[in-house]
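First comes the structure, then the notes that go with it.
Readers should treat all values here as calculations from the given coordinates under stated rules, not as data from a laboratory. In this text, all values refer to a predicted model and were calculated from it rather than measured experimentally. Note: ideal-geometry Cβ built from the backbone for every residue, glycine included; neighbour counts use all protein chains shown.
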Amino acid sequence: MKIQSTNMTAINTNLAVVKEKAQFSTGTLQAKSLDSGPSFSQRISDGLNDVAQSQNSAAKLAKDYELGTESDLSKVMVNQQISSVGFQLTLNIRNKALSAYKDIMNMPV
């Protein structure tokens, strides 16, 4: 069976890519981290800060509307709805995490 040189080039290229993505150390395969983004706790913290900022912004817009400095009622209502949805999402995530914790604690050992 004759292998063409273009196929061998493609195979060598793919092999080089695989070697770049993985390291072989003491007989085990260790994958390199492809995405070194923020940690889980950092993402949770950022999400909570975003919800708090949204609530503060909605409260400020509502106060400005009541004082007469803001005249766009639709803008105030949309910001209040965004704040409400963000809070409900945060509350549901907390409830799911608490439920999962209780399930784990009730597992027989």
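Summary of values
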quantity: Ordering of 77-83, 39-45 by packing [mean C-beta count within 10 Å, highest first]; calculated: 77-83, 39-45
quantity: Pairs of Cα atoms farther than 19 Å apart, region 40-105, %; calculated: 46
quantity: FRET E, pair I93, K63, Förster distance 22 Å, beta-carbon r, rounded to 0.05; calculated: 0.20
quantity: Under-5 Å amide H pairs with E70, H placed in peptide plane, nonlocal only; calculated: Y65
